Amino acid sequence: MGILDGKVAIISGAARGQGAAEARLLVEHGARVVLTDVLADLGTQVAADIGPNACFVTHDVSSAEGWTEVVSTAVDAFGGVDILVNNAAISRPLKLEDTEPEVYETLFRVNQLSVYLGMRAVLDPMKRAGGGSIVNISSVAGLRGTSTLFAYTANKWAVRGMTKSAALELARYKIRVNCIFPGVIDTPILDTNPPAMNEAIVRTIPMRRMGQPDEIAEAVLFLASPRSSFATGADFAIDGGMSI
């Protein structure tokens, strides 16, 4: 028997990279998973590859109506919602002085507003289930200042604060809320960087390598499962030592 047998998970931003790795691992351990993303073709293919215990929904995470549809899909297809992984995010390498208001708002809506909307959307089904686990994916940028990622850093610090407030509020319902802080993870988003840039990034990591999506997925599995039953409001840095 899998440690997540009978559990239903929603994972946003699951068409590739970390989200796809998380979806595959949770299904391997018995969960049924609703993957969501704006990348419809990729997301549909990932869900098909995983098999009948996964389905895909095209999803704008900044839309409250979109979250209602995703939760309804999970309930209709699999019977409820026990796990939410707020994984979707975007980044723009801009300093404060170069960040136009419309760019800041776009990042805010995807990186921060979506976390609030996702948590709020799953409350009723998790309460009906007698509890649940919410895993919010922040970033090492949510643990320290980053001079060239002003908006992204602001968003990811906010995710940390929302996690802690929600953990306090929802403990009475046996809903645990925890936060993961990935460092530099080897995903397709880095493929657009010049090789020299990625080499320079690696030199800033004490462990002298990038993380792998599966390493984040393993942390998600731990926090989604009964293995972490006494953990809530916690910070889990998976960053090769960058935040030390």
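For the range 31-45, the count of residues that are hydrophobic (A, V, I, L, M, F, W, C), free of Cβ contacts under 8 Å to residues at least 12 places away in the same chain and under 30 Å from M210 (Cβ atoms) is zero. I'm checking my understanding of the structure. Among residues of the range 1-23 that are open to solvent by less than 10 Å² (accessible area, probe 1.4 Å) and part of a loop (DSSP other than H, G, I, E, B), which one is farthest from V220 (Cα to Cα)? Applying the filter and picking the extreme gives A15. Of the helices (runs of 4 or more DSSP H) entirely within the range 24-110, those holding at least 1 residues that are over 30 Å from S147 (Cβ atoms) occupy 40-50, 64-78.
If you go through the range 124-182 and pick out every residue that is farther than 21 Å from I238 by Cα and touching a strand residue (DSSP E or B) at 6+ places or on another chain (Cβ under 7 Å), you end up with 6.
The set of residues in the range 179-194 that are within 14 Å of the chain's Cα centre (by Cα) and over 17 Å from A88 (Cβ atoms) contains only G183. The condition of being without any contact (Cβ under 8 Å) to a residue 24 or more places away in the chain and among the aliphatic types (A, V, I, L, M) holds for only one of A141, A151, A171, that being A141.
So is N136 outside any helix (DSSP H, G or I) and surrounded by 18 or more Cβ atoms within 10 Å (Cβ to Cβ) or not?
Answer is yes for this residue.
Across the range 114-133, the qualifying residues are those that are within 14 Å of A166 (Cα to Cα) and either modelled with pLDDT under 95 or aliphatic (A, V, I, L, M) (or both), and the one among them that is surrounded by the most Cβ atoms within 10 Å (Cβ to Cβ) is V115. Within the range 171-209, being over 26 Å from S133 (Cβ atoms), surrounded by 14 or more Cβ atoms within 10 Å (Cβ to Cβ) and modelled with pLDDT of 95 or more holds for one residue alone: I205. Residues of the range 80-112 that are among the acidic types (D, E) and surrounded by fewer than 17 Cβ atoms within 10 Å (Cβ to Cβ): E97, D98, E100, E102, E105. Among residues that are of a type outside the set (A, V, I, L, M, F, W, C) and buried (at least 16 other Cβ atoms within 10 Å of the Cβ), D239 is included.
The values are calculated or read from the model by the stated rules, or taken from the named source; none is laboratory data. All of these numbers come straight from a predicted model, not from anything done at the bench. Here Cβ is always computed from backbone atoms with ideal geometry, including for glycine, and neighbour counts include all displayed protein chains. All accessible areas refer to the heavy atoms of the entire protein, side chains included, with ligands and DNA or RNA removed. Shrake-Rupley method; radii C 1.70, N 1.55, O 1.52, S 1.80 Å.
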